[in-house]
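Scroll down for the structure; my scribbles are underneath it.
The values are calculated or read from the model by the stated rules, or taken from the named source; none is laboratory data. Bear in mind the structure is a predicted one, so any value in this text is a computation, not a measurement. Here the Cβ positions follow ideal geometry from the backbone for every residue, glycine too, while neighbour counts run over all protein chains shown.
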Amino acid sequence: MIAHTSLPVSDYAKSKSFYIRALKPLGYSNNMEYGEAAGFNDGKNTDFWIAKEDSVVPLHIAFEARSRDEVDAFYRAALEAGGKDNGAPGYRQYWPGYYAAFVYDPDGHNVEAVWYDYEKAGEKR
């Protein structure tokens, strides 16, 4: 299990503003700051960080949503915060119940919100 992760960002203030707005529908809030690094808490742990770096290579990160509505809200919030569309909310071929949306952040990181629809997949949880 991963305890926390961090993405490098080139414009700290712009990225911090983006993530505050984009992750709010998923229950995240910015609760820590150390220099040009910001931590985001999901209500349990500060498990996501961004940090200013001179060099940024775009990465992919996925946040688990609690519902289809949260995925949809993430997508709208991320676009309103300046993200660029990389896949509107919908079911994906990865798995029968994989419902996700994808947005590029200001540095080109592929940010995803995913909800696992076990009922659609024919599984009981």
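One residue alone among D85, D117 is at pLDDT below 95, farther than 20 Å from T5 by Cβ and out of contact with any Ser or Thr (no Cβ under 7 Å at 6 or more places or on another chain), and that residue is D117.
As a summary of the residue check, Y99 satisfies the conditions (1) under 12 Å from the mean Cα position of the chain (by Cα); (2) crowded, with 19+ Cβ neighbours inside 10 Å; (3) outside any helix (DSSP H, G or I) except for the one numbered (1). Kindly check whether there is at least one residue in region 62-69 that is closer than 17 Å to I2 by Cβ, of a type outside the set (G, A, S) and part of a strand (DSSP E or B). Among the residues of region 62-69, at least one is closer than 17 Å to I2 by Cβ, of a type outside the set (G, A, S) and part of a strand (DSSP E or B), which makes the answer yes.
Applying the condition of being under 18 Å from A113 (Cα atoms) and of a type in the set (S, T, N, Q) to region 1-16 and asking which residue is surrounded by the most Cβ atoms within 10 Å (Cβ to Cβ) yields S15.
Give all pairs with beta carbons closer than 6 Å in which a residue from region 70-91 that is farther than 21 Å from K14 by Cβ meets a residue that is in a helix (DSSP H, G or I) and at pLDDT 95 or above; count only pairs at least 6 apart in sequence or on separate chains. What qualifies is E70/P25; E70/L26; A73/P25; P89/V71; P89/D72; P89/Y75. Among the residues making up region 60-78, a single one is surrounded by fewer than 16 Cβ atoms within 10 Å (Cβ to Cβ) and under 10 Å from Y104 (Cα atoms): H60. The residues of region 11-41 that are among the acidic types (D, E), outside any strand (DSSP E or B) and out of contact with any helix residue (DSSP H, G or I) (no Cβ under 7 Å at 6 or more places or on another chain) amount to a single one, D11.
Looking at this structure, is G83 surrounded by fewer than 20 Cβ atoms within 10 Å (Cβ to Cβ) and either of a type outside the set (D, E) or touching a Pro at 6+ places or on another chain (Cβ under 8 Å) (or both)? So G83 fails the test.
Taking region 9-37 as the range and being among the aliphatic types (A, V, I, L, M) and either more than 22 Å from Y75 (Cβ to Cβ) or within 13 Å of the chain's Cα centre (by Cα) (or both) as the test, the residues that pass are A13, I20, A22, L23, L26, M32, A37. Just so you know, in region 23-59 the residues that are of a type in the set (G, A, S) and either under 20 Å from I2 (Cβ atoms) or modelled with pLDDT under 95 (or both) include one that is surrounded by the most Cβ atoms within 10 Å (Cβ to Cβ), and it is A38.
Is it the case that E112 is acidic (D, E), surrounded by 15 or more Cβ atoms within 10 Å (Cβ to Cβ), in contact (Cβ under 8 Å) with a residue 40 or more places away in the chain and in a strand (DSSP E or B)? Against the criterion (acidic (D, E), surrounded by 15 or more Cβ atoms within 10 Å (Cβ to Cβ), in contact (Cβ under 8 Å) with a residue 40 or more places away in the chain and in a strand (DSSP E or B)), E112 qualifies.
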